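The values are calculated or read from the model by the stated rules, or taken from the named source; none is laboratory data. Source: prediction; values computed, not measured. Ideal geometry is used to build each Cβ from the backbone, glycine not excepted, and the neighbour counts take in all protein chains shown. Note: areas computed on protein heavy atoms with side chains; ligands, DNA, RNA excluded. Shrake-Rupley method; radii C 1.70, N 1.55, O 1.52, S 1.80 Å.
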Amino acid sequence: MAKFDPDIVLEFYANAWPTEEGVRDLRSWVRGQWIPFDADALSQFLGYPLVLEEGQECEYGQRRNRADGFDEEAIAQLLCIPGQDFARTAAGRRVRIMRTNMTTLSQTWMMLLLSNILPNDHNSDLPLPKCQLVYAILTRMSVHMAQLITDAIYLFAGVPPTRHPLDPDKSNSALGFPALITGLCQSFGVPVTPSKVIRPPINRAFIEKYCTPRQAQGGDPLAPDAPPPPP
């Protein structure tokens, strides 16, 4: 869907607010219709990208839950351009990879991740947990994307909006998954009027402009122009 309905998206998030502390009610009331956004509902809407047996975890989930699940050295070697590594704390703990230190392929998946799966308007670096997810994708582990999206929507719904610094009547926070939510509501019979255009897709032109490391003389990477934040 190239456009989304901002009124439907706002109503979805307004009514998906958790009603009780500790209660994980994964549905919202939109135009007189309950809209579920649990992993099963999203899997069905997305065409069942990954089918798991009851109680089964995807390979990414299994690795993430193990104390020795991800080799940080292997992640750095795969995601970074030669000679680069994670940014570290003063104690030497790896915390994030700067986008300008990542390969073109890693940057591309980073932007896809931050646009479509775990929306975030901060894209100058990738924290360790999200580096693990990009590594899992690049090494072809199975990943339960519907569950990740469900968790992200739940977090969006539970975070109070912050006020715009210049206009107190506006929120300073972007809402995630506007097109998906518009389409999901429509699939349950909610009338929608997609009117707001989504940012251009992450295609070859985008990748060449924003995801290709540029080398200065002597081999030091130059930061590419900052891409627009995910919708």
Do the conditions hold for R96, that is, is it closer than 22 Å to K130 by Cα, exposed (fewer than 11 other Cβ atoms within 10 Å of the Cβ) and among the basic types (K, R)?
no
L118: passes all of (1) part of a loop (DSSP other than H, G, I, E, B); (2) within 10 Å of the chain's Cα centre (by Cα); (3) at pLDDT 90 or above but (3)
Hits in segment 27-54 (condition: open to solvent by 100 Å² or more (accessible area, probe 1.4 Å) and farther than 30 Å from M141 by Cβ)
W29, R31, W34
Could you give every pair whose Cβ atoms fall below 7 Å, whose first residue belongs to segment 108-128 and is touching a residue at least 24 places away in the same chain (Cβ under 8 Å), and whose second residue is open to solvent by less than 20 Å² (accessible area, probe 1.4 Å) and among the charged types (D, E, K, R), counting only separations of at least 6 or pairs across chains?
M110/R99; N123/R99; S124/R99; D125/R99; L126/R99
Selection from segment 106-115 of residues open to solvent by less than 40 Å² (accessible area, probe 1.4 Å), more than 8 Å from the chain's Cα centre (by Cα) and not β-branched (V, I, T) yields S106, Q107, M110, M111
When residues of segment 180-203 are limited to those that are at pLDDT below 90 and not polar (S, T, N, Q), the one farthest from Y13 (Cα to Cα)
I202
Name, by its number, the condition in (1) among the polar types (S, T, N, Q); (2) touching a helix residue (DSSP H, G or I) at 6+ places or on another chain (Cβ under 8 Å); (3) surrounded by fewer than 17 Cβ atoms within 10 Å (Cβ to Cβ) that does not hold for T103.
(3)
Restricting segment 16-26 to residues that are more than 20 Å from the chain's Cα centre (by Cα) and either open to solvent by less than 70 Å² (accessible area, probe 1.4 Å) or modelled with pLDDT of 95 or more (or both), the residue that is farthest from Y154 (Cα to Cα):
V23
Count of segment 47-69 residues which are at pLDDT below 95 and in contact with a Leu (Cβ under 9 Å, 6 or more places away or on another chain):
1
Do we have any residue at all in segment 138-153 that's outside any loop (DSSP other than H, G, I, E, B) and farther than 27 Å from V23 by Cα?
yes
Can you find even one residue in segment 59-80 that is open to solvent by 30 Å² or more (accessible area, probe 1.4 Å), in contact with a His (Cβ under 8 Å, 6 or more places away or on another chain), more than 28 Å from P213 (Cβ to Cβ) and among the charged types (D, E, K, R)?
no
